[in-house]
Amino acid sequence: MELILSSLSMLAQWDVLAALVIGSIGGVIIGAIPGVGAAVAIAILLPATFSFEPIVGLTLLLGVYGSSMYGGAIPAVLINTPGTAVNALTTYDGYPMTKKGQGHRALSLAYSASFFGGMFSILCLIVLSPVLAMIAPHFGSREIFLAALMGIILVVVAHRGQVFAAGMLACFGIFLSTIGLEPAKYTKRFTFDQSWLTSGVDLIVVVLGLFAISQALLLLVDKEHQPGSAKVEGNLFAGLKELFAFKRVATVSSGFGVLMGMIPGVGEFTAQFLSYTYAQKSSKDPDLFGKGSPEGLIASEAANNAVPGAAMIPLLALGIPGEALTAMMLSVFYVHNVIPGPQLFQGQLDFVVALYLALILLNIIVLIFLLSSTGLLLKIIQIPTRFLGVMIMTLSFVGVFSLRNSVTDCAIAAGFGVFGLVLKRLNLPIVPIILGMVLGGIMEVKLRSAMARVNSPLDFIDRPIAAILFTAIILILVLHVRTVIREQKARRDREEDTSETSTQQG
C-alpha cells in the first residue's frame, strides 16, 4: 500500500499530470493527422524531455506513443486514409462500414478495441516485467550481448523480402555507434582528423533526421493534399457494450499484440496480420471481412494498441528496446542516469509503478477525449500537407540546435533527412539503423567485458541462459533460411507452370 501511495504522489505532481494530459491528447491529434505519426512527434519532443524530470519526460513520450494509434483510426475509418502506418489494416473494414452509413459504429468499435488492447497489454506489463527482472540478474555481459545480437537479427529477418537491405542498414547503424572516442581507452575511431566527429554521431540527431526531417521533406516534395471531411452521427459509447459480443476476438488479438510487442523488430504489423487471420478463420461470417466486418476492425485495433505496453516489457526489465520508439525512450532513461533492468525494480520500484499507473491513466484519458471530441478532431485532420511539412521541418531544426547549440548537428540532421527521404522513396526500412546504433553500443561494451573471462568460443555459451540465447539465434537463422529456400522453390515452380502453360497455348 505504501508503494502505491508513493507512486501516486509521484504522479500527482502538476507537471507530471500536465505531461500526461498533453502527451495523451497530443498523441491522438498527431495520430489523426495523416503523414505525421508518433515517431515524428517523439523525435521532435525528445530534445525537450532531457531538461525535464525523468518521470515527466517519460510520461510525455508514453502519452504520445500509447495514444497515436487511437487517433490514427479516425481518418482510416472515415476517409480511407490511415493516420499512422499501423492503421492501414483498419481501413479494410472500417471504411466499408462508413460507406454503409455505420461510421459512428466503426469508430466506437475502434476506440473500444483500442482501449481493451491497451489495458490488456498494461496488465501483461505489470505481470511479466517483474518476472523478467527477477531473471535478469542472471544475465552477465555475454548474455546481454547475445540478447542484443538476437534483437538485431530479429529486426533484420522481420523485414521479409528486404532482409539484405535491413541487414546492411543495421550494420550501418552499428558503424555509426562506433564513430568518435571508443569507450575503453578513449582513442579516436573513424574521425578522419575531423574534430566535429570526435564526440560521435548523436542518436537524437540521427533520429530527428531520419524520422522528422525526412517526413517533412516527403510532405513538401509530394503533391499538396488536404484530407477530406466526414460527418459522424450517433452514439459513440455503444461500442463499449458491443465489444463484449466479440470478446474472444478482442482477447486473442490483444494476446497476439502482447506477444509480438515483446519480440524485437516484429511489432504491430505482424500482430495485426496474425490477429486478422485468426479472426477471419474463426468467424461465422468470414466473407464479410474486407467488406465491413466488425470482427476484422476489432482484431486490427486491439492488436496494434496492445503492442506499446508490451514493447515496454523488455525495455524496463532488460534495458533492450524492441523498436525505434522504445529506443528513443531508452535515451531519456540514460540521460537521467536511470538504468532499466533489475536495479530499477529493486531501487526505484515506485518509479516503475508510477509508469504503470501513467499508462493506465493515459488510456482512460484518451478514451474519454475521443468519445467526446471526435467532431473537433475531424476539423484538425484537414490541415494541408505542405503546411505540416514546414512546421515539422522548423520544429526539427529547433530541436536539433537545442541539443548542443551546434550548427554542425543541424547539418548532420539535414544529411540524414535527405538519406531518410531516399530510403522512404525506395521503400527501405529506417528502423534497423536506429536499433543498430542503440544495440551496437550495448553489444560493444558487453563484448569487451565478456572477453576478459572467455578463453575459447565455447566458454562464451557455457552458462544456461547464454546457451539458450545462442540456440535461439541459430534456430531463428535456420528457420529463416528454410523459409527463403521454400519461397524460392515455390517461385520457380510457379514460373515453370506459367512457361508450360504459355508453351501449350502457343
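For ARG453 and THR483, the difference between the fully extended length at 0.36 nm per residue and the C-alpha to C-alpha distance is 7.1 nm.
Based on Cα contacts under 8 Å between residues 6+ apart, the chain shows a relative contact order of 27 percent.
Other residues with beta-carbon under 13 Å from the beta-carbon of VAL249 carry, at +1 per Lys or Arg and -1 per Asp or Glu, a net charge of -1.
The Rg/Rh ratio of segment 46-189, with Rg taken over Cα atoms and Rh as the Kirkwood radius over Cα pairs, comes to 1.08.
Partners of LYS223 within straight-line reach, counting lysines whose Cα lies under 18 Å from its Cα and excluding those fewer than 8 residues away in the same chain: LYS424. Cβ under 14 Å from ILE55's Cβ, ILE55 left aside: what net charge do those residues give with Lys, Arg +1 and Asp, Glu -1? Net charge around ILE55: -3. Per residue, the chain reaches -24500 deg cm²/dmol at 222 nm when only DSSP H runs of four or more residues are counted, each adding -39500 (n - 2.57).
Once you reduce segment 147-213 and segment 427-467 to the center of their Cα atoms, the two points are 14 Å from each other.
Computing Rg and the Kirkwood Rh from the Cα coordinates of segment 400-506 gives a ratio, Rg/Rh, of 1.21. Each principal axis of the chain carries a Cα extent, and these read 75, 67, 49 Å when sorted largest first. Within straight-line reach of LYS99, meaning a Cα separation under 18 Å, sit the following lysines at least 8 residues removed in sequence or on another chain: LYS231, LYS291.
Of all lysines in the structure, the ones whose alpha carbon falls short of 19 Å from that of LYS185, not counting any fewer than 8 places away in one chain, are LYS446.
Among PHE273, PHE172, the order of accessible area from largest down is PHE273, PHE172, computed with a 1.4 Å probe on protein heavy atoms.
The values are calculated or read from the model by the stated rules, or taken from the named source; none is laboratory data. Please read these numbers as outputs of a predicted model, since none were measured by experiment. Because the Cβ atoms are built from the backbone with ideal geometry, glycine has one as well, and the counts that use them run over all protein chains shown. Each accessible area value is taken on the protein alone, full model and side chains, heavy atoms only, with ligands, DNA and RNA left out. Shrake-Rupley method; radii C 1.70, N 1.55, O 1.52, S 1.80 Å.
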